[in-house]
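Read-outs throughout are calculated quantities, based only on the coordinates presented, and are distinct from any laboratory measurement. All figures in this text were calculated on a predicted structure; none of them were measured in a lab. Virtual Cβ from ideal backbone geometry, glycine too; neighbours counted across all protein chains shown.
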Amino acid sequence: MLSRFERSVPELEGVRSSGLLSCLSRFDALEGGEQVHSFLVVRHGKLIHESFWRPFCGNDTHKMFSLSKSFTSSAVGFAVQEGLIDIDRTVLSYFPDCCLDDATERMRSMTVRHLLTMTSGHAECPIGAVMSKGVKNWVRGFFGEELVHEPGSTFVYNSLATYVLSALVCRVSGCGLVDYLMPRLFEPLGIQRPQWECCPLGIETGGWGLQLRSEDIAKFGELYLRKGVWDTKRLLPESWIEMATAKQVDNSAGRVLDWAAGYGFQFWRCRPEGVYRGDGAYGQYCIVMPKQDMVVVITSSVGDMQRILNILWEELLPSIENEALEANAGAYDSLVSFSRNLVVRRSKTPGVALSSGYAGRYAMEPNDRQIAFVEFSELPNGVGLRLEREDGCMTELRFGKDDFVVNARNWDALDGETSAGEVRATGDNSFKLDLLGLEGPFRVIWDCQWNQDGSLVIGARKNFCFFGAAQWPEMRGRKLQV
């Protein structure tokens, strides 16, 4: 069993190092808070390039968001192979207990194929409506939302439809999605048991919530590139791979460029001929390029996902040749040197020296984050922060002066992620705390201002937010006297 890819040099596999360097340079120059975290390229089954922007590294798992959908689709493929699922059978026939008395003819005609191709008939994804109603049984909630379109007629991106696919695999197999995929996909590919977010009933969300390492994503892409074969062993039928990655429906209405090139079974088609991808919010990509015999993986924190693809088509594609190239030590050394020095872009601040007046414990006024006390401490190379909630739960974070300092998982570090922190002074009595989540795209900037009268004001903003406001309400407090 292959646990990791064999490494090779770009030119040996017919790729110019200069083209990879151009990609890296443009990724690194992204502005407006856009940031790439990892970039991996596999050619002819060999890993020819991997870059990580420090403090991200190859051992990190990263939130996949909707790239999770492609894995859920694969689980359906395994179940079809085993005779457990017929994609042209109606969805309600698998969930008779969730059939509502007033279920419409459209709902009764919806098939598993419609779920796979995002043509369920909904006018919009119903996940928000189901969650806002507090429905615990999401499958039943899915069937309770009106179908505006005839199933199969209209592409509407629908994460809850993918959840129903997850629930379907669970129902027909008798186990959860991760348990089902472990012996069939994850273990053969040498992928450690992953985390996958679950619904209130304990079923994997399917459409989002999977966490994997960048090289794990590349293995998944390589399995699809090899038409379902891994290390000489067939895992998925070639017929399923071809169906899943072909253009099954037109998705051009209201979309442009690489989001209008067609949709398969939870895979997107791309503009370059033959190329397809799984992708997730904020720039998580598994791009499969059959004609080039290549897989590209990117994890990132970007709002403009098309810009990342544009860079690949403009810089990487022209650098690929059919045959091995002559060694180019200068270009390769430049690529390696540039890659080694990649670091997440830090906050732009005046760069004044940290004052020493901030250290101490502050009692906070009532706030929506339920933080009762904040305590700052001076560290040799940065600032320490302790947060104590009203329920007594505490979090300790460190912020480096000259670089990010990695913190363990904790409740207030971006949804419990492993994080990294950096501090920059912004004035005589203020500094900026930059908290970077290392398991996804999220980042929080805290602006801290303390005054001579002992008062403290903390404002915070998050770079991206699915739900709620990105700007958090200010917290105010007062320094306690020792």
The rounded separation in angstrom of the Cα centers of the range 148-188 and the range 433-482 is 38
Computed over all unlike Cα pairs, the Kirkwood hydrodynamic radius of the range 6-340 in Å stands at 20.5
Approximate shape of the range 185-247 as ellipsoid semi-axes (Cα gyration tensor, √5λ), whole Å, largest first
23, 15, 10
The farthest towards the positive end of the charge dipole of the chain, of the residues T119, A260, V295, given +1 on Cβ of Lys and Arg and -1 on Cβ of Asp and Glu, is V295
Based on the Cβ-Cβ distance of R346 and R478, what FRET efficiency does E = 1/(1 + (r/R0)^6) give at R0 = 41 Å, to the nearest 0.05?
0.85
Under a Cβ-Cβ cut-off of 9 Å, what is the net charge of the residues other than H44 that fall near it, where Lys and Arg count +1 and Asp and Glu count -1?
0
Using unit Cβ charges (K, R positive; D, E negative) and no other charged atoms, how large, in debye to the nearest 20, is the dipole of the chain about its Cα centre?
220
Which order do the peptides 298-304, 106-112, 312-318 come out in when sorted by mean C-beta neighbours inside 10 angstrom, highest first?
298-304, 106-112, 312-318
Relative to the longest principal axis of the C-alpha atoms of the chain, give the angle of the C-alpha long axis of helix 329-340, reported between 0 and 90° and rounded to the nearest 10°.
60
Distance between the range 290-304 and the range 356-386 - C-alpha centres, whole angstrom:
40
Arrange L115, L84, L21 by Cβ neighbour counts within 10 Å, fewest through most, would you?
L84, L21, L115
Environment charge at S356 (Cβ cut-off 14 Å; Lys +1, Arg +1, Asp -1, Glu -1)
0
Rounded to the nearest 500 deg cm²/dmol, what is the calculated helix-only ellipticity per residue at 222 nm for the chain, with -39500 (n - 2.57) per DSSP H run of length n ≥ 4?
-6000 deg cm²/dmol
Of K63/K291; K401/K462; K63/K432, which pairs sit farther than 24 Å apart, going by alpha carbon to alpha carbon?
K63/K291; K63/K432
Treat the count of other C-beta atoms within 10 Å as a stand-in for reagent exposure and order F442, F338, F399 from fewest to most.
F338, F442, F399
Segments 142-155, 29-42 sorted - mean Cβ within 10 Å per residue, highest first:
29-42, 142-155
